[in-house]
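Report on the following structure.
We did not get these values from a lab; they are worked out from the coordinates using the rules stated. A quick note: this is a predicted structure, and the numbers were derived from the prediction, not measured. A quick note on method: Cβ atoms are made from the backbone with ideal geometry, for glycine too, and the neighbour counts reach across all protein chains shown.
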Amino acid sequence: MIEGESPVKNMLVILRFPTAERALAWYDSPEYAPLRRLREQSGHTNMIFFEGA
């Protein structure tokens, strides 16, 4: 979509990491920091980390 309102109102994204520690390392990494700020400024996010699937 280039312009207008997105037809996607709710989106689910699942990321898989080998360990909870690796997930937290990614979340706090300097590489992700600029994207994290952009995500936080662009909309509302509910993020949940959980172990086991």
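One table, with the values for the structure above:
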| read-out | value |
| --- | --- |
| Ranked packing of 36-44, 22-30, 10-18, most packed first, by mean Cβ within 10 Å | 22-30, 36-44, 10-18 |
| Magnitude of the charge dipole, the chain, Cβ model with Lys/Arg +1 and Asp/Glu -1, debye to 20 | 40 |
| Computed label-point distance, nm, for sites SER6 and ALA23 using a 7 Å Cα→Cβ extension | 2.1 |
| Phi to ³J(HN,Hα) by Karplus 6.51 cos²θ - 1.76 cosθ + 1.60 over the stretch 14-25, Hz, x for Gly, Pro | 10, 10, 10, 10, x, 8, 5, 4, 5, 5, 5, 5 |
| Options (1) 62, 14, 8; (2) 39, 27, 16; (3) 63, 20, 18 - which one matches Cα extents along the principal axes in Å as calculated here | (2) |
